[in-house]
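Peer 1: After the structure tokens below, expect a handful of questions from me.
The values are calculated or read from the model by the stated rules, or taken from the named source; none is laboratory data. Predicted, not measured: the structure shown is a model, and the values here were computed from it. Glycine gets a Cβ as well: all are built from the backbone with ideal geometry, and neighbour counts include every protein chain shown.
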Amino acid sequence: MASFRDKVRNEVIRDRVGVAPIEEKLTQHRLRWFVHVQRRPPEAPVRNGVLERVDNVKRGRGRPKLTWDESVKRDLKDWNISKEIALDRSAWRLAINVPEPYLFLSGFISSLPQLAWEKRLC
């Protein structure tokens, strides 16, 4: 049984359990929402700017906050995806898919508590 004193890094635990990196999953969800917004009709509140930030408000000093639009543009550039494929659902789904590394080992993952119990008995 691992304890805090073992100082096992989160990346090592995620690799053992088989979970995709959090950053990639967050990007995937953000891009999925982006396509949802893009597919809405132009008169929808999300599309026509009702939910947009008001630009005439005085902003504080320092670096401006990262907006949702800017983060989506950065994600599209980082993942080398164009906005044009957003209307093709199957192509978009393939483009933003972040596979779980060990989905085929679902039987192994469900047996982890049993393995931990057997290790205690030894």
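Peer 1: Taking residue 78 as meeting all but one of (1) modelled with pLDDT under 80; (2) surrounded by fewer than 12 Cβ atoms within 10 Å (Cβ to Cβ), write down the number of the exception.
Peer 2: (1)
Peer 1: So if I check each of 70, 84, 52, 23, which one is surrounded by 10 or more Cβ atoms within 10 Å (Cβ to Cβ) and modelled with pLDDT of 75 or more?
Peer 2: Going through 70, 84, 52, 23 in turn, just one is surrounded by 10 or more Cβ atoms within 10 Å (Cβ to Cβ) and modelled with pLDDT of 75 or more: 70.
Peer 1: Can you tell me how many residues within segment 1-29 are within 21 Å of residue 96 (Cα to Cα), in a loop (DSSP other than H, G, I, E, B) and among the β-branched types (Val, Ile, Thr)?
Peer 2: So the count comes out to 1.
Peer 1: Could I ask something else about it? So, in segment 30-47, how many residues would count as being touching a residue at least 40 places away in the same chain (Cβ under 8 Å) and either in a loop (DSSP other than H, G, I, E, B) or closer than 16 Å to residue 67 by Cβ (or both)?
Peer 2: Summing the residues that are touching a residue at least 40 places away in the same chain (Cβ under 8 Å) and either in a loop (DSSP other than H, G, I, E, B) or closer than 16 Å to residue 67 by Cβ (or both) in segment 30-47 gives 3.
Peer 1: Please find, within segment 87-122, the residue that is nearest to residue 40 (Cα to Cα) out of those that are hydroxyl-bearing (Ser, Thr, Tyr) and modelled with pLDDT under 85.
Peer 2: Within segment 87-122, the first condition is being hydroxyl-bearing (Ser, Thr, Tyr), and the residues that meet it are 90, 102, 106, 110-111.
From what's left, modelled with pLDDT under 85: 102, 106, 110-111.
Numbers: 102: 35, 106: 37, 110: 40, 111: 44 Å.
Per the stated criteria, the residue is 102.
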